[in-house]
Amino acid sequence: MERLKEEVIKLIEGLRDEIIELSDRIHKNPELGFEEHKACAWLTDVLSEHGFEVERGVAGLETAFRATFTGSREHPKVALLAEYDALPEIGHACGHNIIAASSVGAAIALSKLNLPGTVVVLGTPAEEGGGGKIIMIEQGAFKGIDAAMMIHPSDQNLVSKGSLAIKEIRMKFKGKLAHAAAKPEKGINALDAVIQAFNNINALRQHLTEDVRIHGIITHGGVKPNIVPDYAEAYFYVRALDENYLLEVLEKVKNCAKGAALAQGAKVEFEVGRGYRSHKLNHALVEAFKANLLALGVKPDRPPEHGGMGSSDIGDVSHVVPVIHPYISITEGELPSHSREFAEAACSEKGHQGLLIGAKALAMTAIDLYASSTLGRL
């Protein structure tokens, strides 16, 4: 296995220019979830050129794909996951271009080794709120997969960082129109109800466990200052480590909105999205990845004792198959994702280094899986 790992490192070095160019091309052409037509085409074209059997439109999603290369045996079947959706206005500020290119680079290198198993690349669209992986789970795209893995760019190297369960909720407040100066007493201000809902939620925070995160925006607040708004809308994410507690918190958040509506004489309706599950860590795979990262000369950082977690549909995958989702640094210092500065880092020299390290560590961990029939079982 050590000889194979040395060989796969050399293969990825040989693919350096190709996978960096692929990453940068996706970065320069950001596409939102379920609209990643260019990225999907570029990724599948490269995999097809390297001998993978490619299936597009997987799970009924136009921008999802499966690329397969079978070695001397069908199993173990290891899936390398590719994300390639961007964020509104700030592009690849979460570095999904690096996720896609690292998985593709690792898979291509593995396919050259004639391993006793199958290499699969699953293209998973719309991680940023669309839940592409959840749809793919429901449609059977992960059936037969023995383990799945990906890396995520970050400002730290973290191997055992989990993720929070999340629910999305839209609050739709309905009031009554009136002239805001001449007859304000005849109106019911839906925007005031939204603002009061925010205040109620802020008061709620001190009575929740420290892992809970609640954050929202006002998506509609009226049309003109001299018209009492008869409709206003807020959009919130509610997160927690424990999925059952998340549902409790969600009800508390609803009550905050109901109280705000009652105080104004307005009405409120809720639209609750599907949400993501929390990440179930697979410690055997984590340790294997950590050992490979150390072999590449990269020392993992100590994860924060509190906070520092987001949410991802990889959490749902972790309850179906063994998963790793480690983080690889692409910055020179502390730099939050979902920022314009992080978007710049995702196509920088440091970003390219992180891409290659991630691809090598993924490929090396896949080799460990092909060597052991029990590593990483759920």
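The values are calculated or read from the model by the stated rules, or taken from the named source; none is laboratory data. None of the values given here were measured: they were computed from a predicted structure. So basically every Cβ, Gly included, is an ideal-geometry build from the backbone, and we count neighbours across all protein chains shown.
Brief remarks on what is shown
- Here the range 247-264 is the region considered, the condition is being over 16 Å from Gly216 (Cα atoms) and of a type in the set (A, V, I, L, M, F, W, C), and the residue that is nearest to the chain's Cα centre (by Cα) is Leu247.
- Residues in the range 9-30 that are under 22 Å from Leu296 (Cβ atoms) and either polar (S, T, N, Q) or outside any helix (DSSP H, G or I) (or both): Leu15, Ser23.
Conditions tested, residue by residue: (1) within 22 Å of Ala109 (Cβ to Cβ); (2) of a type in the set (Val, Ile, Thr); (3) within 18 Å of the chain's Cα centre (by Cα); (4) surrounded by fewer than 22 Cβ atoms within 10 Å (Cβ to Cβ).
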| site | (1), (2), (3), (4) |
| --- | --- |
| Met309 | no, no, yes, yes |
| Val320 | no, yes, yes, yes |
| Pro326 | yes, no, yes, no |
| Glu332 | no, no, no, yes |
| Ser339 | no, no, yes, yes |
| Ser348 | no, no, no, yes |
| Gln353 | yes, no, no, yes |
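- Counting only strands (runs of 3 or more DSSP E) that sit completely within the range 95-201, those holding 3 or more residues that are farther than 30 Å from Arg213 by Cα and either modelled with pLDDT of 95 or more or of a type outside the set (A, V, I, L, M, F, W, C) (or both) correspond to 118-123.
- If the condition is being assigned to a loop (DSSP other than H, G, I, E, B) and buried (at least 22 other Cβ atoms within 10 Å of the Cβ), then the range 34-51 contributes only Glu36.
- Residues that are surrounded by fewer than 24 Cβ atoms within 10 Å (Cβ to Cβ) and outside any loop (DSSP other than H, G, I, E, B), drawn from the range 64-91: Arg66, Thr68, Phe69, Thr70, Lys77, Leu87, Gly91
- Among residues of the range 13-24 that are in contact (Cβ under 8 Å) with a residue 12 or more places away in the chain, those with a Cβ under 6 angstrom from a residue that is of a type outside the set (A, V, I, L, M, F, W, C), sequence gap 6+ or separate chain, pair up as Leu15/Gly105; Ile19/Gly105; Ile20/His352; Ser23/Asn97.
- Of all positions in the range 293-305, at least one carries a residue that is at pLDDT 95 or above, in a helix (DSSP H, G or I) and loosely packed, with under 15 Cβ neighbours inside 10 Å.
- Among the residues of the range 201-246, those identified as more than 21 Å from the chain's Cα centre (by Cα), among the small types (Gly, Ala, Ser) and either within 13 Å of Gly275 (Cβ to Cβ) or surrounded by 17 or more Cβ atoms within 10 Å (Cβ to Cβ) (or both) are Gly222, Ala232, Ala234.
- Residue match in the range 316-325 (condition: acidic (Asp, Glu) and not in a helix (DSSP H, G or I)): no
- Once the range 130-156 is narrowed to residues that are over 20 Å from Pro326 (Cα atoms) and small (Gly, Ala, Ser), the residue that is surrounded by the most Cβ atoms within 10 Å (Cβ to Cβ) is Ala141.
- Residues satisfying the stated conditions in the range 52-61, i.e. touching a residue at least 40 places away in the same chain (Cβ under 8 Å) and either under 24 Å from Ile324 (Cβ atoms) or in a loop (DSSP other than H, G, I, E, B) (or both): Phe52, Val58, Ala59, Leu61
The rows are residues; the columns are (1) in contact (Cβ under 8 Å) with a residue 24 or more places away in the chain; (2) in the same structural domain as Ile357 (by TED's automatic domain parsing); (3) over 22 Å from the mean Cα position of the chain (by Cα).
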{"position": "Pro30", "(1), (2), (3)": "yes, yes, no"}
{"position": "Phe34", "(1), (2), (3)": "yes, yes, no"}
{"position": "Ala41", "(1), (2), (3)": "no, yes, no"}
{"position": "Val46", "(1), (2), (3)": "yes, yes, yes"}
{"position": "Cys94", "(1), (2), (3)": "yes, yes, no"}
{"position": "Ala101", "(1), (2), (3)": "yes, yes, no"}
{"position": "Ile108", "(1), (2), (3)": "yes, yes, yes"}
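- Test set (1) in contact (Cβ under 8 Å) with a residue 12 or more places away in the chain; (2) surrounded by fewer than 24 Cβ atoms within 10 Å (Cβ to Cβ); (3) at negative phi - Ala182 fails condition number: (1)
- Ala295 more than 14 Å from the chain's Cα centre (by Cα), in contact (Cβ under 8 Å) with a residue 40 or more places away in the chain and within 29 Å of Glu138 (Cβ to Cβ): no
- Complete set of residues in the range 242-284 that are of a type in the set (A, V, I, L, M) and touching a Leu at 6+ places or on another chain (Cβ under 7 Å): Val249, Ala284
- Of all residues in the range 110-129 being among the hydrophobic types (A, V, I, L, M, F, W, C) and over 22 Å from Asp316 (Cβ atoms), the one that is nearest to the chain's Cα centre (by Cα): Val119
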